[in-house]
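Working notes, beginning with the structure itself.
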Amino acid sequence: MADKIELARQVFRALWEAGPAGLDRDALAHAVQLPDREMREAVELCAKLSARPALPGAKPEVVGFDPMTRRYHIANSAEQADRIIAYALSYVRSGLERILAYQEARTLRWGDTELPQAIQQALFEAEEVAGRWRR
């Protein structure tokens, strides 16, 4: 985990140094010297750590991909933070829709057989979150 945290720090450093212009996907991968998938995982961890900094006095930051600029940023404004958040939520929403479709297909094909408890709990939580978005 320590190595992953260091990679997340490298992402933050690279974005900090890039300033308001941010970095496109290739430039960020090059800056942290990681293949694309690993770079995106490091960005994800960076985003989590930056949103809830552990250091006293450190400000929380929104870090991620802004679809308007097509670059990764440390958000420069509330509007940019909103775009980053909306982009991340689009992945959550599509993932939830896929999971709920899986559940429906399973039920239609094999009936209401008992699901393992962990899957039941995860599906309940997914339906609960999806229900909040539909309101």
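The values are calculated or read from the model by the stated rules, or taken from the named source; none is laboratory data. Remember, predicted model here, so these are calculated numbers, not experimental data. Heads up, the Cβs are rebuilt from the backbone with ideal geometry, glycines too, and the neighbour counts pull from every protein chain shown.
Some observations on this one:
- Qualifying residue in the stretch 54-62 (condition: closer than 27 Å to GLU125 by Cβ, buried (at least 17 other Cβ atoms within 10 Å of the Cβ), in contact with a helix residue (DSSP H, G or I) (Cβ under 6 Å, 6 or more places away or on another chain) and of a type in the set (A, V, I, L, M)): yes
- From the options GLN117, GLN80, GLN103, GLN33, residue that is among the polar types (S, T, N, Q) and assigned by TED's automatic domain parsing to the domain that holds GLU6: GLN33
- Only residues that are hydroxyl-bearing (Ser, Thr, Tyr) and under 30 Å from GLY22 (Cα atoms) were counted across the stretch 80-135, and they come to 4.
- Matching residues in the stretch 75-103 - criterion: being within 25 Å of PHE124 (Cβ to Cβ) and at pLDDT 90 or above: ILE85, ALA88
- Cross-chain or 6+ apart pairs with Cβ under 6 Å, the stretch 79-99 first and farther than 12 Å from PRO67 by Cα, then of a type in the set (A, V, I, L, M, F, W, C) and in a helix (DSSP H, G or I): LEU96/ALA126; LEU96/ALA130; ILE99/ALA126
- Per the conditions (1) exposed (fewer than 11 other Cβ atoms within 10 Å of the Cβ); (2) closer than 28 Å to ASP24 by Cβ, the sole criterion not satisfied by ILE84 is (1).
- Meets criteria (of a type in the set (A, V, I, L, M) and surrounded by 15 or more Cβ atoms within 10 Å (Cβ to Cβ)) for ILE99: yes
- Number of the exception - ARG106 against (1) surrounded by fewer than 12 Cβ atoms within 10 Å (Cβ to Cβ); (2) modelled with pLDDT of 85 or more; (3) in contact with a Ser or Thr (Cβ under 9 Å, 6 or more places away or on another chain): (1)
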